[in-house]
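Report on the structure given below.
The values are calculated or read from the model by the stated rules, or taken from the named source; none is laboratory data. These numbers were taken from a predicted model, which means no experiment stands behind them. Positions of Cβ are backbone-derived with ideal geometry, glycine not excepted, and every protein chain shown enters the neighbour counts.
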Amino acid sequence: MTYEIHELAGIVALASEAEQLALTEDIRANGLQDDIVLWDDGTGEKVVDGRCRQIACVATDTPITTRVLSPELDYATVAKIVKSLNTRRNLTDTQKVMSALKQYQTTKGKQSDIAKQWAVGHRTLQNAVYIAKHRPEYIDPLFNGNSIKVYDSTKGITITTNKVTGIAKIIKTAEEIDVTEDTSNKVEWSSDAYIKTEAGKAWYYASITMDNIATDNIAARMKYAELANYKFKVEE
């Protein structure tokens, strides 16, 4: 008897071909050592951990043994259990980020908490979410441990990479390819209108005074204003 695969099993990538072959041979020689984990979300018991072991059992005609999680557990809790069970696998940093992304997509939990569970940076997970939104076709190859080819418009070349932050940066740059700077000066720039917080304005005026920034040096003052907004952010 085999079991249907639950979508939560997809939080972690399938084994590579070489890994699957090695697992199959191990189960052929030693039997199934770790029970396949099932959970019933109301639609019947399905595999949430052990789909590769199930494949190996079928291939070697090995009896399948199972462990069933309580049906009273909620979706988010089972997702955490699946993640915990799979930390034993030798995932690359990119696969961990993609696994965190899969967990976020399926549970809609708090990004910072999910990033911490997978020991990846919150900003890196945000970049993965951005990639999923703008280039969803990149996700599965990265999830399965592969690199992708992406055109870097700033360098005019196609590169092969699996670096999530770098890929997100290239996509963002491509999205901004038609952005141009407005140099018309039709509207006079105002620091008070530009800086978003009173704390930022206080820092801005103290800084340009201390650094002797001339009144007519608008470019320098704009840079200080940008830094003020960066240093003193409005809580969202």
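Each row is one residue, and each column tells you yes or no for (1) in contact (Cβ under 8 Å) with a residue 24 or more places away in the chain; (2) touching a strand residue (DSSP E or B) at 6+ places or on another chain (Cβ under 9 Å); (3) assigned by TED's automatic domain parsing to the domain that holds residue 168.
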{"residue": "62", "(1), (2), (3)": "yes, no, no"}
{"residue": "66", "(1), (2), (3)": "yes, yes, no"}
{"residue": "75", "(1), (2), (3)": "yes, no, no"}
{"residue": "107", "(1), (2), (3)": "yes, no, yes"}
{"residue": "129", "(1), (2), (3)": "yes, no, yes"}
{"residue": "135", "(1), (2), (3)": "yes, yes, yes"}
Residue under evaluation residue 209, criteria (1) under 30 Å from residue 153 (Cα atoms); (2) modelled with pLDDT of 85 or more; (3) among the hydroxyl-bearing types (Ser, Thr, Tyr), criterion not met: (1)
Where a residue in segment 150-167 is closer than 18 Å to residue 123 by Cβ and without any contact (Cβ under 8 Å) to a residue 24 or more places away in the chain and its partner, wherever it lies, is of a type in the set (Ser, Thr, Tyr) and surrounded by fewer than 15 Cβ atoms within 10 Å (Cβ to Cβ), with Cβ under 9 Å and at least six apart: 161/147
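Which one is nearest to residue 34 (Cα to Cα) among residues in segment 92-110 that are touching a helix residue (DSSP H, G or I) at 6+ places or on another chain (Cβ under 8 Å) and surrounded by fewer than 18 Cβ atoms within 10 Å (Cβ to Cβ)? Talk me through it step by step, then tell me what you get.
Residues of segment 92-110 touching a helix residue (DSSP H, G or I) at 6+ places or on another chain (Cβ under 8 Å): 94-95, 97-107, 109.
With the extra rule that they be surrounded by fewer than 18 Cβ atoms within 10 Å (Cβ to Cβ), the set shrinks to 105-106, 109.
Values: 105: 28, 106: 25, 109: 29 Å.
In this case the residue turns out to be 106.
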Residue within segment 122-140 that is modelled with pLDDT of 90 or more, assigned to a loop (DSSP other than H, G, I, E, B) and at negative phi present: yes
For residue 175: the one exception among (1) in the same structural domain as residue 124 (by TED's automatic domain parsing); (2) modelled with pLDDT of 90 or more; (3) exposed (fewer than 13 other Cβ atoms within 10 Å of the Cβ): (2)
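Criterion first (at pLDDT below 90 and closer than 30 Å to residue 113 by Cα) does residue 197 satisfy it? Let's see the steps before the verdict.
Numbers: at pLDDT below 90: yes; closer than 30 Å to residue 113 by Cα: yes.
The answer is yes for residue 197.
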Number of positions in segment 9-40 that are at pLDDT 90 or above and either of a type in the set (S, T, N, Q) or surrounded by fewer than 17 Cβ atoms within 10 Å (Cβ to Cβ) (or both): 5
